[in-house]
Amino acid sequence: MASRPPPPCCPEGAEPLLVMTDYTPSGEIVSIGQLPVYVARPPAKADRGMVMFTDMFGVNTGRHKQLCDQLARQGYLVACPDLFVEHPYLSSPPAFGFSLCCITEALCKYMCGRFDKNTRDHHAWDVGLRAKVMDTLLPWMKDQGSREFASVGFCWGAYGAMKCAAFPEFKCCTVFHPSVDGFCKSTGEDDLKICREVRCPILVVATSMEKDAWKPGGAAQRSCEEAVPGQVTWKFEEKQSHGYMTRGDVKKDPLTLAAVNSGVEDILSMQRTCMRQ
C-alpha cells in the first residue's frame with residue numbers, strides 16, 4: 001500500500017482518514033446554540049458526563065460515534081462536539097482513506113500556511129474553543145443532569161481535553177496519541193505549559209510515533225507530574241500507529257482491535273476511579 005501523508009498535526013506514518021460504513025450510531029446530533037454535538041445517552045439518567053474531542057477529521061469520521069456509544073452504555077452522558085462545522089481543515093473529506101483531491105488540498109493548505117492560520121484563528125482555546133466547551137456545551141450537559149465531567153481526546157483533540165483538565169468541573173482526563181505539540185506549534189503556545197496546568201488525574205497513551213517529549217518519561221509526563229504528583233499515568237502502545245484509536249483498521253489487524261478495546265477500558269477505568277459511582 002502506498003504511503004499516505006498524515007494530517008499536519010500528526011507524525012509521518014499516522015493512520016489515514018477512516019469513515020465507518022458498517023456501523024449505525026445509536027446517538028444523535030443535537031444543536032446547542034450554533035454548536036452541533038453528537039450526543040450518546042446512557043440507558044438511565046446519570047450525573048456523570050464525558051466530553052470527547054475528536055481528531056482533526058471530526059466527529060463524522062472514524063469510530064468517534066462508536067466510541068461515544070460504547071462509553072454511554074456504561075452510564076455516561078457522552079457529548080462529542082463538531083468543532084469543524086464552521087472552519088474545517090478539509091472541505092471535502094473522502095469516504096475512505098485519502099483521495100487524490102484530499103491529498104492535494106491538504107498539501108496545498110499546509111504549504112500555504114492555511115492549516116496553521118485555521119488553527120490559530122479559529123480553534124485555539126482562548127480564541128473560540130473555550131467558549132464552545134465551557135460556556136455552551138457544559139451548561140447544556142448540566143441541564144441534562146451531569147454534575148461531574150471527564151475529558152477524552154484523540155490526536156488533535158488531546159489539546160482540548162487537556163485544556164479542560166485545568167478546570168475543577170473535570171475530574172479526570174484521558175488522551176490517546178496526543179498532537180498537543182503540533183497544535184501548539186500552530187498557535188504559538190507552550191505544550192508543556194498546558195501539561196503544568198493540569199489539575200486532575202490524567203492518563204496519556206502514546207505510540208512510538210510521538211515526539212520523545214510525549215513518550216513515557218518525557219518532558220510532557222514530567223510536566224504533568226509537577227502539576228498533579230502521583231496522579232499521572234503514561235502508557236506506551238509501541239506497536240500501534242498514531243491515530244489507531246479512531247482510525248486504525250481493526251478488521252485487518254487483531255493487535256489494533258486489542259489495543260482499541262484496551263483503550264476503551266482505560267477510559268472507563270479512569271472514570272470509575274475518579275468520578276462518583
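What is the residue count in the stretch 49-64 for residues that are over 16 Å from Ala161 (Cα atoms) and touching a strand residue (DSSP E or B) at 6+ places or on another chain (Cβ under 6 Å)?
Qualifying residue count for the region: 1.
Among the numbered conditions (1) more than 18 Å from Ala124 (Cα to Cα); (2) in a helix (DSSP H, G or I), tell me where Leu192 comes up short.
Leu192 satisfies all of (1) more than 18 Å from Ala124 (Cα to Cα); (2) in a helix (DSSP H, G or I) except (1).
Only residues that are at pLDDT 70 or above and either more than 30 Å from Ala44 (Cβ to Cβ) or part of a helix (DSSP H, G or I) (or both): list them for the stretch 75-103, please. Before the answer, list the steps.
Step one: filter the stretch 75-103 for residues at pLDDT 70 or above, giving 75-89.
Passing the criteria: Phe84, Val85, Glu86, His87, Pro88, Tyr89.
Would you call Ala106 part of a helix (DSSP H, G or I) and at pLDDT below 90? Give the derivation first.
Numbers: part of a helix (DSSP H, G or I): yes; at pLDDT below 90: yes.
Answer is yes for this residue.
Looking at the structure I just gave you, is Asp116 closer than 23 Å to Glu197 by Cβ and modelled with pLDDT under 95?
Details: closer than 23 Å to Glu197 by Cβ: yes; modelled with pLDDT under 95: yes.
Taking the combined requirement at face value, the residue satisfies it.
For (1) touching a His at 6+ places or on another chain (Cβ under 8 Å); (2) not basic (Lys, Arg), each residue gets a yes or a no:
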site	(1), (2)
Asn118	yes, yes
Trp125	no, yes
Arg130	no, no
Val133	no, yes
Thr136	no, yes
Trp140	no, yes
Arg147	no, no
Cys155	yes, yes
Tyr159	no, yes
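Having 2 or more residues that are on the phi < 0 side of the Ramachandran plot, under 19 Å from the mean Cα position of the chain (by Cα) and surrounded by fewer than 16 Cβ atoms within 10 Å (Cβ to Cβ) is the bar; report the helices (runs of 4 or more DSSP H) wholly within the stretch 195-277 that clear it.
Numbers: elements: 219-227, 244-247, 254-274.
Output list reads 254-274.
The values are calculated or read from the model by the stated rules, or taken from the named source; none is laboratory data. Note that the coordinates shown come from a computational prediction; the quantities given were computed from them, not determined experimentally. Note: ideal-geometry Cβ built from the backbone for every residue, glycine included; neighbour counts use all protein chains shown.
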